[in-house]
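The values are calculated or read from the model by the stated rules, or taken from the named source; none is laboratory data. Predicted model, so just to flag it, every value in this text is computed and none were measured. Virtual Cβ from ideal backbone geometry, glycine too; neighbours counted across all protein chains shown. Surface accessibility is based on the protein's heavy atoms, side chains included, excluding ligands, DNA and RNA. Shrake-Rupley method; radii C 1.70, N 1.55, O 1.52, S 1.80 Å.
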Amino acid sequence: PQWCEIHHVTEHSRGGPTHTDNGVLLCWFHHRTLDTGNWQIRVQDGIPYVRGPSWWDHTRQWRPATKSPTRTRDHIALRT
């Protein structure tokens, strides 16, 4: 984490809280790419999801940004 920057999912200037539930850790390069490259991040049920620009994914699907088996299991349990 010491090599990462915290990205506010909902910007603080737009009323987003400064809280871990509203943040994701990103490296410097990917943090800047979110602002300039049409990438988006949201958090749903505690799991960050990423949606890439149309040149990367023409369907613009939201994809979970974690491979954690614990988080995946918890997410599936919430949906059932």
For this session: Give me the accessible area per residue for the chain, probe 1.4 Å, as a whole number in Å².
Result: 78 Å²
Problem set entry | With 10 Å bins from 0: P(r) over segment 1-54, alpha-carbon pairs, percent | 24, 57, 19, 0
Problem set entry | Estimated FRET transfer efficiency when R0 is 25 angstrom, pair D45-R14 (beta carbons, to 0.05) | 0.70
Problem set entry | Kirkwood hydrodynamic radius of segment 29-80, Cα pairs, Å | 12.1 Å
Exercise. So, in nm, how far is label N22 from label L78 when the simple model puts each one 7 Å beyond its Cα toward the Cβ?
Worked result: 1.8 nm
Exercise. Do you know the relative contact order of the chain, to the nearest whole percent, from alpha carbon pairs under 8 angstrom that are 6+ apart?
Worked result: 19 percent
Exercise. How many nm separate the modelled label positions at W62 and E5, each set 7 Å beyond the Cα in the direction of the Cβ?
Worked result: 2.4 nm
